[in-house]
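**Q** Take a look at the following structure, please.
The values are calculated or read from the model by the stated rules, or taken from the named source; none is laboratory data. For clarity, every value in this text was computed on a predicted model and none was experimentally measured. Reconstructed Cβ throughout: ideal geometry from the backbone, glycine too, with neighbour counts over all protein chains shown. Heads up: the accessible areas ignore ligands, DNA and RNA and are worked out on the full protein's heavy atoms, side chains in. Shrake-Rupley method; radii C 1.70, N 1.55, O 1.52, S 1.80 Å.
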Amino acid sequence: MPAVSCRLTLIAGPSGVGKGTLVAQLLARHPDIWLSVSATTRAPRAREVEGEHYFFLSRENFEQQVAAAGFLEWAEFSGNLYGTPRQPVEEMLALGRPVLLEIELEGARQVRQSFPAGFQVLIKPPSFGELERRIRGRGTDGEEAIAKRLERARVELQAEAEFDGVLVNGDLGEALVALEQMIGLPAGQ
Ligand code: ADP
Ligand code: 5GP
């Protein structure tokens, strides 16, 4: 079922595959979509803004939120905790706004339990070599973080069969149009 009917779309895929890039372009073309801002214990990268890219929390603070059932889902990724604040997602769905989550595999599995009608898309790289080039090209992660992310990428890519749709992000423009079609959106501007 396309996302517009169920109103919750989830995008997953290995770090560096281009999820953030695709999502930014999708939002620019479809301003009615509401993107969930996650919480994380990871340190902010250069140019990341509190409340816009993430809510940056201490581990203690994050764990308090977990205990208070404040997250729709949460998971550990590459040594840091990431979670989707529950309340804003529920509020936006109640208002009838299309909701978009961009999260990793373990979280996607949890959301599949709580929102079985949601539409989940896995974004894949054209090749593993290209994925590594993109992570390195982004220039935001040290060697240790890159190694962890690439190791995790192999696991994420093996989960392809769990997803409602799979998309290769080769040419960005083509991937964007294919994503719009897959989730039932009209072509953007
Ligand atoms: P993610 O959010 O999945 O971790 P990003 O959106 O940060 O990935 O993209 C990682 C890097 O790859 C960025 O430098 C981005 O500009 C680049 N990138 C994204 N999509 C493409 C594409 N289709 N072709 C080439 N480079 C891309
Ligand atoms: P990054 O550190 O590169 O911003 O994100 C690392 C991974 O965490 C990415 O795969 C991203 O999709 C995922 N992620 C971001 N927010 C959340 C979240 O709220 N929950 C889960 N489970 N994963 C998230």
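**Q** Can you work out which of the residues in region 10-46 that are within 10 Å of ligand 1 (Cβ to nearest atom) and open to solvent by 20 Å² or more (accessible area, probe 1.4 Å) is nearest to Pro186 (Cα to Cα)? Lay out the reasoning, then the answer.
**A** The first filter runs over region 10-46 and keeps only residues within 10 Å of ligand 1 (Cβ to nearest atom), leaving 11-25, 45.
Still in the running and open to solvent by 20 Å² or more (accessible area, probe 1.4 Å): 19-21, 24-25, 45.
Values: Lys19: 20, Gly20: 20, Thr21: 19, Ala24: 17, Gln25: 14, Arg45: 33 Å.
Filtering region 10-46 for residues that are within 10 Å of ligand 1 (Cβ to nearest atom) and open to solvent by 20 Å² or more (accessible area, probe 1.4 Å), the one nearest to Pro186 (Cα to Cα) comes out as Gln25.
**Q** Next up: Given (1) away from ligand 1 (no atom under 14 Å from the Cβ); (2) more than 16 Å from the chain's Cα centre (by Cα); (3) open to solvent by 60 Å² or more (accessible area, probe 1.4 Å), identify the lone condition not met by Phe55.
**A** (2)
**Q** Report yes if some residue within region 147-156 is in a loop (DSSP other than H, G, I, E, B) and on the phi < 0 side of the Ramachandran plot; otherwise report no.
**A** No, region 147-156 contains no residue that is in a loop (DSSP other than H, G, I, E, B) and on the phi < 0 side of the Ramachandran plot.
**Q** OK, next. Please work out which residue is most open to solvent (accessible area, probe 1.4 Å), limiting yourself to region 143-189 and to residues that are acidic (Asp, Glu) and within 12 Å of ligand 1 (Cβ to nearest atom).
**A** Here the answer is Glu174.
**Q** Check off (1) at pLDDT 95 or above; (2) in contact with a strand residue (DSSP E or B) (Cβ under 9 Å, 6 or more places away or on another chain); (3) farther than 18 Å from Glu130 by Cβ for Ile183 and give me the number that stays unchecked.
**A** Only one criterion is unmet by Ile183, namely (1).
**Q** Count, please, the residues in region 87-113 that happen to be open to solvent by less than 60 Å² (accessible area, probe 1.4 Å), out of contact with any Gly (no Cβ under 8 Å at 6 or more places or on another chain) and in a helix (DSSP H, G or I).
**A** Number satisfying all stated conditions: 6.
**Q** Where residues in region 78-100 are within 16 Å of ligand 1 (Cβ to nearest atom) and at pLDDT 95 or above, which of them is nearest to the chain's Cα centre (by Cα)?
**A** It comes out as Leu100.
**Q** Can you name the number of the only condition in (1) near ligand 2 (Cβ under 10 Å from one of its atoms); (2) part of a loop (DSSP other than H, G, I, E, B); (3) open to solvent by 20 Å² or more (accessible area, probe 1.4 Å) that Glu76 fails?
**A** If we test Glu76 against (1) near ligand 2 (Cβ under 10 Å from one of its atoms); (2) part of a loop (DSSP other than H, G, I, E, B); (3) open to solvent by 20 Å² or more (accessible area, probe 1.4 Å), just (2) comes out false.
**Q** Considering region 114-140 alone, what residues qualify as being open to solvent by 30 Å² or more (accessible area, probe 1.4 Å) and either within 12 Å of ligand 2 (Cβ to nearest atom) or touching a Pro at 6+ places or on another chain (Cβ under 7 Å) (or both)?
**A** Here is the first cut: in region 114-140, the residues open to solvent by 30 Å² or more (accessible area, probe 1.4 Å) are 114-117, 124, 126-130, 132-134, 136-140.
Residues satisfying the conditions are Arg134, Arg138, Thr140.
**Q** Gly184: part of a loop (DSSP other than H, G, I, E, B) and at positive phi, yes or no?
**A** Answer is yes for this residue.
**Q** Would region 126-135 turn up any residue that is out of contact with any Phe, Trp or Tyr (no Cβ under 8 Å at 6 or more places or on another chain), in a loop (DSSP other than H, G, I, E, B) and in contact (Cβ under 8 Å) with a residue 60 or more places away in the chain?
**A** No; the residues of region 126-135 include none that is out of contact with any Phe, Trp or Tyr (no Cβ under 8 Å at 6 or more places or on another chain), in a loop (DSSP other than H, G, I, E, B) and in contact (Cβ under 8 Å) with a residue 60 or more places away in the chain.
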